[in-house]
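Engineer: The structure follows.
Nothing in this text is a laboratory measurement; each read-out follows from the coordinates by a stated rule. No experiment lies behind these values; they were computed from the predicted model shown. Using ideal geometry, Cβ is built from the backbone for each residue, glycine included, and neighbour counts are taken over all protein chains shown.
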Amino acid sequence: MAAAPLIDASLEAWKVTAARRLIETVPFHLWAGLTLLELSPGLCRLSFPANGDVLVVGGYVHGGILNGLLEPAAYGALITGLNESDHAVTVDIHVQHLRSIQQGAEVELTGRIVRRARALAFLEAEARVDGLLHTQARITKAITQLGPT
């Protein structure tokens with residue numbers, strides 16, 4: 001049984017709910033086995049197992065899948081710095097794969113807010129296995145207002 005995530009008590013309830021919804025309802029995130037580990041102001045930590053369909057021939061995590069899983073870590077961190085009516089979309093991402101992630105590893109993804117301006121957010125995300133950095137990303141998101149639904 002997985003341990004309960006560490007949730008900072010100072011976060012507004014809607015932010016925690018939004019982060020959980022991001023991880024627990026998006027089909028791609030469910031398929032990959034994403035789990036929320038920690039959520040605090042400016043930080044989101046997730047994990048996923050390097051097993052099954054996330055692997056390519058040779059037994060390591062597909063780079064494109066890893067790119068896609070860095071996004072929710074970064075966006076989870078950003079949610080903690082948004083207003084309730086805000087939404088954010090990616091306008092730029094730069095990913096560096098430093099080493100492959102082998103089958104069977106438990107991958108920890110960490111997203112952080114680097115800088116939050118009025119209309120842009122600059123984020124970083126990384127993937128580590130046993131504390132060793134495997135992939136890092138810099139992500140820029142445009143912040144917009146949600147319209148009526």
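Engineer: So which residue, out of Asn51, Asn83, Asn67, gets the largest mean-square fluctuation from a GNM of the chain using Cα contacts under 10 Å as springs?
Structural biologist: Result: Asn83 has the largest fluctuation of those listed.
Engineer: Continuing with this model, one more query. Step through the residues of region 4-13 one at a time and calculate ³J(HN,Hα) from phi using the Karplus curve (6.51 cos²θ - 1.76 cosθ + 1.60, θ = phi - 60°), rounding each to whole Hz and writing x for Gly and Pro.
Structural biologist: 3J(HN,Hα) across region 4-13, in whole Hz: 5, x, 7, 10, 5, 5, 7, 6, 5, 4.
Engineer: Using 0.36 nm times the number of residues separating Glu24 and Asp53, minus their current alpha carbon distance, what extension gain do you get?
Structural biologist: Values: separation 29, 0.36 × 29 = 10.44 nm, distance 1.85 nm.
In short, 8.6 nm is gained.
Engineer: I would also like to ask the following. What do you get for the angle between helix 63-79 and the principal long axis of the chain? Use alpha-carbon atoms, 0 to 90 degrees, nearest ten.
Structural biologist: Computed tilt is about 30 degrees.
Engineer: Could you give the nm distance between label points at Val114 and Ala4, where each point is 7 Å from its Cα heading toward the beta carbon?
Structural biologist: For the pair Val114/Ala4, the computed spacing is 3.5 nm.
Engineer: Report, in whole Å, the centroid distance computed from the Cα atoms of region 10-71 and region 88-149.
Structural biologist: Between the Cα centre of region 10-71 and that of region 88-149, the gap is 11 Å.
Engineer: Let me ask something additional. Would you please put 52-64, 69-81, 122-134 in order of how densely packed they are, using the mean number of other Cβ atoms within 10 angstrom per residue and starting with the highest?
Structural biologist: Sorting 52-64, 69-81, 122-134 by mean packing, highest first, produces 69-81, 122-134, 52-64.
Engineer: Run through region 44-112 and list the trypsin sites (Lys or Arg not before Pro) located in a DSSP loop whose Cβ has at most 13 other Cβ atoms within 10 Å.
Structural biologist: Arg99
Engineer: While we're on this one: May I ask you to evaluate 6.51 cos²θ - 1.76 cosθ + 1.60, the Karplus curve with θ = phi - 60°, for each residue of region 39-47 and list the ³J(HN,Hα) values in order in whole Hz, giving x for glycine and proline?
Structural biologist: 9, 8, x, x, 9, 9, 10, 10, 9
Engineer: Taking the chain on its own, what percent of its Cα-Cα pair distances exceed 21 Å? All intermediate terms of the calculation are to be shown ahead of the outcome.
Structural biologist: Values: 4534 of 11026 pairs.
Taking all Cα-Cα pairs of the chain, the fraction more than 21 Å apart is 41 percent.
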